[in-house]
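Single-structure report; data block below.
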Amino acid sequence: MLPNIYSKALILGLLVILVFSLACGSDSSNETKEASTPPPPTTKAVEKSSPSKIENTTPKDVVEVVNQDVGGSGAYTFKPNKFAFNKGQTVTFKMSAETEYHTFTVDKLEIDEDIDAGETKNFKVTFNETGTFELYCIVHKSSGMVGEIVVK
């Protein structure tokens with residue numbers, strides 16, 4: 001009778017392991033599928049120019065920016081982190097984020113765009129003020145995620 005109890009316990013233990021294995025396996029495959037399909041890019045216009053003046057953006061006026069982080073490239077930084085534009089120039093920023101939430105913030109130019117991990121986002125800026133402006137990520141500024149925009 002004692003061996004019968006051990007065999008029932010062994011069978012019950014194996015069934016529990018099998019059920020947990022199947023349950024965990026199905027959840028992780030769904031998460032992988034969702035994480036590997038990034039959401040479509042969104043576009044938000046940020047312009048300081050008057051509504052009557054509309055400028056066309058040419059392909060040379062598309063600037064790609066990667067918000068890098070510790071979980072991706074190993075450091076909190078913008079790539080690139082220095083930009084130079086001419087007064088009156090309209091630029092479309094194509095911004096992407098690696099593995100964390102970030103912002104692209106320039107207080108004096110009233111730019112404050114945010115982006116989620118793995119997302120790509122486009123937004124336009126018309127530079128109507130000359131000067132040197134600090135760019136930073138609100139969340140990671142203290143970790144050195146800063147840059148500079150110069151408008152001539």
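The values are calculated or read from the model by the stated rules, or taken from the named source; none is laboratory data. Source: prediction; values computed, not measured. For neighbour counting, all protein chains shown are included, and Cβ atoms are generated from backbone atoms with ideal geometry for every residue, glycine included.
Some values worked out for this structure:
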read-out	value
Condition broken by Thr58, with the remaining ones in (1) at pLDDT 95 or above; (2) over 22 Å from the mean Cα position of the chain (by Cα) satisfied	(1)
Enumeration of residues in segment 122-152 that are surrounded by 15 or more Cβ atoms within 10 Å (Cβ to Cβ), touching a residue at least 40 places away in the same chain (Cβ under 8 Å) and either of a type in the set (A, V, I, L, M, F, W, C) or farther than 24 Å from Asn86 by Cβ (or both)	Phe123, Val125, Phe127, Leu135, Cys137, His140, Met145, Val146, Ile149, Val151
Given (1) out of contact with any Ser or Thr (no Cβ under 9 Å at 6 or more places or on another chain); (2) part of a strand (DSSP E or B), index of the condition Glu100 fails	(2)
Candidate set: segment 125-152, residues that are within 17 Å of the chain's Cα centre (by Cα) and part of a strand (DSSP E or B); chosen: the one farthest from Asp69 (Cα to Cα)	Leu135
Conditions (1) out of contact with any helix residue (DSSP H, G or I) (no Cβ under 9 Å at 6 or more places or on another chain); (2) farther than 22 Å from Gly144 by Cβ; (3) not in a strand (DSSP E or B); number of the one not met by Lys108	(2)
